[in-house]
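Contents: one structure, followed by commentary.
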Amino acid sequence: AKVEIWQADANGRYSHDSDPNPGPRDPNFQGYSVQKTDAEGRYRFKTIKPGAYPGLIAGMRTPHIHFEVEGKVDRVITQVFFPDEPLNEQDSILQSIKGPRKEALIVKMMPPKKEMEADSFHAVWDAILRKG
């Protein structure tokens, strides 16, 4: 499958000119990645935790990462969120999702693996495509 992610930088800015957030943009942050899963369907990328930013409709958007996962037949576009974020309770998109579907969009935070920097985290999120 193809996995594409995009996200804001640590200041809550996206790396495109139409981003309305007035905060400073990190010139060293690309903001997206596209990759293929391995033979077992795994993917991996290294990034920073995105910052919150003012929502277009109401309130602040909690830190999140956008995902598009495209298989041979199925495709899913969604956002994943971080556990224990104070803004999770106010985020209009996250709050519009209920029950197990909402829980499935919260990444699982794990200690860093041996090959990772000591101050980093290993976030796990599984996307399941029914027909691949």
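Tell me the residue from Gly41, Gly99, Gly51 that is farther than 30 Å from Pro22 by Cα, among the small types (Gly, Ala, Ser) and surrounded by 10 or more Cβ atoms within 10 Å (Cβ to Cβ), please.
Residue meeting the stated conditions: Gly41.
Among the residues of segment 96-116, which ones are in a loop (DSSP other than H, G, I, E, B) and either touching a residue at least 24 places away in the same chain (Cβ under 8 Å) or touching a Pro at 6+ places or on another chain (Cβ under 6 Å) (or both)?
Leu105, Val107
Within segment 118-132, identify whether any single residue is among the small types (Gly, Ala, Ser), surrounded by 15 or more Cβ atoms within 10 Å (Cβ to Cβ) and on the phi < 0 side of the Ramachandran plot, and answer yes or no.
Yes, there is a match, as at least one residue in segment 118-132 is among the small types (Gly, Ala, Ser), surrounded by 15 or more Cβ atoms within 10 Å (Cβ to Cβ) and on the phi < 0 side of the Ramachandran plot.
Looking at segment 77-95, which of its residues are touching a residue at least 40 places away in the same chain (Cβ under 8 Å) and either part of a loop (DSSP other than H, G, I, E, B) or more than 20 Å from Gly31 (Cβ to Cβ) (or both)?
Phe82
Matching residues to (1) under 13 Å from the mean Cα position of the chain (by Cα); (2) part of a strand (DSSP E or B); (3) at pLDDT 95 or above:
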{"site": "Ile5", "(1), (2), (3)": "yes, yes, yes"}
{"site": "Gly23", "(1), (2), (3)": "no, no, no"}
{"site": "Asn28", "(1), (2), (3)": "no, no, no"}
{"site": "Asp38", "(1), (2), (3)": "no, no, no"}
{"site": "Gly41", "(1), (2), (3)": "no, no, no"}
{"site": "Arg44", "(1), (2), (3)": "yes, no, no"}
{"site": "Thr47", "(1), (2), (3)": "yes, no, no"}
{"site": "Glu68", "(1), (2), (3)": "yes, yes, yes"}
{"site": "Ala118", "(1), (2), (3)": "no, no, no"}
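The values are calculated or read from the model by the stated rules, or taken from the named source; none is laboratory data. Here the structure is a predicted model, which means the values were calculated and not measured. Reconstructed Cβ throughout: ideal geometry from the backbone, glycine too, with neighbour counts over all protein chains shown.
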